[in-house]
Amino acid sequence: MSKVHSAILFDLDGTLVDSYADAEDCWGDWAQSVGVGDVFDLSRFYGQKRSDIVRTLLPHLSEREILDHAERVRLAERARVAKVVALPGAAEVLASLPPERWGIVTSNDTEVALARLRSAGLPAPEVIVSADDVVHPKPHPEGFLLAAQKIGVDPTSAVGIDDSPMGIAAARAAGMTTIAVRFRQEESALQAAHAVADGVGSITFQGRPDGITLRIPGVEL
């Protein structure tokens, strides 16, 4: 018999939407403008806060300067969403879930998250927990714990779905069942998850009066 879960908490970028092309363009433009390279490899930093990326690449800057550079990139990402698309099956999955039983936990800020959802043609959930709402980013569990609280469920009864090792670590630390979805990470980096799926479209979700069941071919959850 399939386990019944109280809520599903999704990461956004790399889980529900592919925003990679636009984000890499924004970071590439920034990198060229500050002289840290003509080619920017975003995969090195996927899932990290903008300020942490800037701090890594320009460690000599003051904290105020780091935040100013991070804001430049944020504004560019908010405006540049033309290439953002829904990942296969994401629209169908979200349409199948009761709106009060799913949410998004993203390392991005709320404005950029909403812009990307609109560009991808996906609905905005009732609960979005973004970088605007937490002190501690992933891999800290604060975001997932806050989302569970906002939905009104015990985090140990919820499922966290993410494409990054940092996100999986955060959801596990919150006590959730974790599913990693393959996007741009090596398979070996996702092994901390309870299960690994090809993408959200490969997971079958079924809403019930008492919660949600899900199935991944060949996996018991």
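The values are calculated or read from the model by the stated rules, or taken from the named source; none is laboratory data. Keep in mind the model is a prediction, meaning the values are calculated, not measured. Cβ coordinates were reconstructed from backbone atoms using ideal geometry, including for glycine residues, and neighbour counts include every protein chain displayed. Accessible surface areas use protein heavy atoms only, side chains included; no ligands, DNA or RNA. Shrake-Rupley method; radii C 1.70, N 1.55, O 1.52, S 1.80 Å.
Remarks
- Computed over neighbours whose Cβ is under 15 Å from that of Val105, the net charge equals -3, Lys and Arg +1, Asp and Glu -1.
- Alpha carbon centroid spacing (whole Å) that separates region 1-73 from region 74-107: 16 Å
- Take every pair of alpha-carbon atoms less than 8 Å apart whose residues are at least six positions apart; their mean separation over the length of region 56-167 yields a relative contact order of 22 percent.
- DSSP-defined beta bridges in the chain - what % are antiparallel, rounded to 5: 35 percent
- Whole-number accessible area per residue in Å² for region 2-138, which is evaluated in the context of all protein chains at 1.4 Å: 44 Å²
- Karplus-derived 3J(HN,Hα) values for region 200-210, using 6.51 cos²θ - 1.76 cosθ + 1.60 with θ = phi - 60°, are 4, x, 8, 9, 9, 10, 9, x, 10, x, 9 Hz; glycine and proline are entered as x.
- Close amide-amide hydrogen proximity is noted between Val181 and Asp162, Asp163, Ala197, each under 5 Å apart and 5 or more residues distant or on a separate chain (H modeled in the peptide plane; Pro and chain starts excluded).
- Positive dipole terminus of the chain, leading residue within Ala115, Gln206, Cys26 (C-beta point charges): Gln206
- Under 24 Å of direct C-alpha separation, and excluding same-chain neighbours fewer than eight residues apart, Lys49 reaches these lysines: Lys83, Lys138, Lys150.
- In region 1-61, Rg over Rh equals 1.19, where Rg is the alpha-carbon radius of gyration and Rh the Kirkwood radius from pairwise Cα distances.
- Taking amide H as placed 1.01 Å from N in the peptide plane, Val17 has its amide H under 5 Å from the amide H of Leu87, each at least 5 places away in sequence or on another chain.
- Amide H contacts under 5 Å for Ala174: none, restricted to partners 5 or more places along the chain or on a different chain, H placed in the peptide plane at 1.01 Å from N.
- In a simple Cβ point-charge model (Lys, Arg +1; Asp, Glu -1; nothing else charged), the chain has a dipole of about 320 debye relative to its Cα centre.
- Rg to Rh, two decimals, where region 39-128 supplies the alpha carbon set and Rh follows Kirkwood: 1.04
- Once the GluC sites (Glu not before Pro) in DSSP loops with at most 10 neighbouring Cβ atoms within 10 Å are cut out of the chain, the longest remaining piece is 1-185.
- Per-residue 3J(HN,Hα) values for region 153-169, derived from phi via the Karplus relation 6.51 cos²θ - 1.76 cosθ + 1.60 with θ = phi - 60°, read 10, 6, x, 6, 9, 9, 10, x, 10, 8, 9, 10, x, 5, x, 5, 4 Hz in sequence order (x marks Gly and Pro).
- Normalised by residue count, the chain yields a Cα convex hull volume of 110 Å³ per residue.
- Value of relative contact order over region 89-221, rounded to a whole percent, pairs C-alpha under 8 Å and six or more apart: 21 percent
- Across Val39, Val85, Val159, Val153, the residue with the most accessible area heads the list, and the full order at a 1.4 Å probe is Val39, Val85, Val153, Val159.
- Backbone geometry of region 32-43 corresponds, through the Karplus equation with coefficients 6.51, -1.76 and 1.60 at θ = phi - 60°, to 3J(HN,Hα) couplings of 5, 5, 10, x, 10, x, 7, 10, 10, 9, 5, 4 Hz, x marking Gly and Pro.
- Stokes-Einstein D for region 118-211, Kirkwood Rh over Cα pairs, 4 °C, 1.567 mPa s (µm²/s): 92 µm²/s
- Filtered trypsin sites (Lys or Arg not before Pro), region 112-215: DSSP coil and at most 16 other beta carbons within 10 Å: Arg182, Arg184
- Distance histogram for region 32-87 (every C-alpha pair counted, 10 angstrom bins, percent rounded to whole numbers): 20, 53, 23, 4
- Trypsin sites (Lys or Arg not before Pro) restricted to DSSP loop in region 45-75 with at most 16 other C-beta within 10 Å: Lys49
- Summing charges over all other residues whose Cβ lies under 14 Å from the Cβ of Tyr20, with Lys and Arg as +1 and Asp and Glu as -1, gives -3.
- Relative contact order [Cα under 8 Å, 6+ residues apart], region 158-221, whole percent: 24 percent
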